[in-house]
Amino acid sequence: MLEIKNLHVAVDGKEILKGLTLSIGAGEVHAIMGPNGSGKSTLSYTLAGRAGYDITDGSILYKGEDLAAMPPEERAAKGVFLAMQYPVEIPGVTTMTFLKTALNSQRRARGQSDLDAVGVLKLVRAKAKALNVSEEMLKRALNVGFSGGEKKRLETLQMALFEPSLAILDETDSGLDIDALRLVAEGVNALRDPARAMLVITHYQRLLDYIVPDRIHVLAKGRIVAEGGKELALELEAKGYEHIVGQAA
């Protein structure tokens with residue numbers, strides 16, 4: 001599904017990723033953990049195609065295609081979804097209007113016909129109920145005045161509606177209390193599918209108690225320095241990043 005080889009990325013002329021290699025197969029959930037400044041968000045923004053993240057070397061193949069050659073909207077149309085650490089507020093645009101516009105844009109890009117307002121409402125309501133996204137939230141301006149948990153539940157709802165092939169979750173646990181974390185994790189787990197790959201980016205092991213990955217990668221100083229299973233996250237929690245990074249040096 002995703003093959004990253006020797007990836008080097010610079011931001012404002014400063015190299016952040018320094019030879020990152022990563023492979024994720026269809027149906028797999030991988031986690032990236034690492035200290036602040038290690039390049040975790042740089043990786044997510046690079047995959048999504050954010051401007052200013054310049055690939056200076058290496059390659060990214062998504063379903064065998066050169067992801068770096070695609071503009072952001074083409075990546076989204078082909079099934080790449082980024083759940084951001086800090087979702088953007090859009091005053092004046094209701095959440096339902098945003099969902100209807102984005103959903104039909106995705107459908108058109110995939111050669112499907114638009115859903116009318118009734119069809120969108122029916123679909124959104126069915127998926128929103130499981131994520132505790134209320135009718136009142138759907139009527140409010142997108143993310144404006146939303147709590148951290150509400151924003152993350154809404155992003156999970158978007159993922160459920162758009163049905164991406166590759167979902168990148170950038171610190172989804174940021175700002176969530178334990179109840180909100182559990183609810184969001186349940187929504188993410190419901191989307192695990194043999195045809196879908198997920199990349200979960202987090203600082204902390206607690207998220208991985210709920211979204212159990214197939215593989216964990218430790219990112220430090222722009223490179224993957226350690227890999228393993230669930231036990232690696234527990235070791236990080238007990239001993240800290242410096243222990244793992246020091247061993248890999």
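The values are calculated or read from the model by the stated rules, or taken from the named source; none is laboratory data. Nothing here was measured: the structure is a model prediction, and the numbers come from that model. Positions of Cβ are generated from backbone atoms using ideal geometry, with glycine treated the same way; all protein chains shown enter the neighbour counts.
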Within the range 201-223, the count of residues that are at pLDDT below 90 and outside any strand (DSSP E or B) comes to 11
Could you please find all residues in the range 56-77 being under 12 Å from Met1 (Cα atoms) and either basic (Lys, Arg) or touching a helix residue (DSSP H, G or I) at 6+ places or on another chain (Cβ under 9 Å) (or both)?
Ile60, Leu61, Tyr62, Lys63, Leu67
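Just for the range 164-190: of the residues that are in a loop (DSSP other than H, G, I, E, B) and within 13 Å of the chain's Cα centre (by Cα), which one is nearest to Ala76 (Cα to Cα)?
Pro164
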Taking the condition surrounded by 17 or more Cβ atoms within 10 Å (Cβ to Cβ) and at positive phi, does Gly13 pass?
no
Name the residue, out of Arg192, Arg223, that is under 16 Å from Gly27 (Cα atoms), touching a residue at least 60 places away in the same chain (Cβ under 8 Å) and not aromatic (Phe, Trp, Tyr).
Arg192
For the range 136-163: of the residues being of a type in the set (Asp, Glu) and either touching a Ser or Thr at 6+ places or on another chain (Cβ under 7 Å) or part of a helix (DSSP H, G or I) (or both), which is surrounded by the fewest Cβ atoms within 10 Å (Cβ to Cβ)?
Glu136
Among the residues in the range 179-186, are any surrounded by fewer than 19 Cβ atoms within 10 Å (Cβ to Cβ), of a type in the set (Asp, Glu) and more than 25 Å from Phe98 (Cα to Cα)?
yes
How about the range 30-56: which of its residues are over 20 Å from Glu237 (Cα atoms) and of a type in the set (Val, Ile, Thr)?
Thr42, Thr46, Ile55, Thr56
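Could you say whether any residue in the range 6-20 is among the β-branched types (Val, Ile, Thr), touching a strand residue (DSSP E or B) at 6+ places or on another chain (Cβ under 9 Å) and farther than 15 Å from Asp57 by Cβ?
The answer is no, given that none of the residues of the range 6-20 is among the β-branched types (Val, Ile, Thr), touching a strand residue (DSSP E or B) at 6+ places or on another chain (Cβ under 9 Å) and farther than 15 Å from Asp57 by Cβ.
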Go through (1) assigned to a loop (DSSP other than H, G, I, E, B); (2) in contact with a strand residue (DSSP E or B) (Cβ under 7 Å, 6 or more places away or on another chain) for Met198 and report which single condition fails.
(1)
Since Ser113 meets every condition but one in (1) within 14 Å of Tyr210 (Cβ to Cβ); (2) in a loop (DSSP other than H, G, I, E, B); (3) without any contact (Cβ under 8 Å) to a residue 40 or more places away in the chain, which condition does it not meet?
(1)
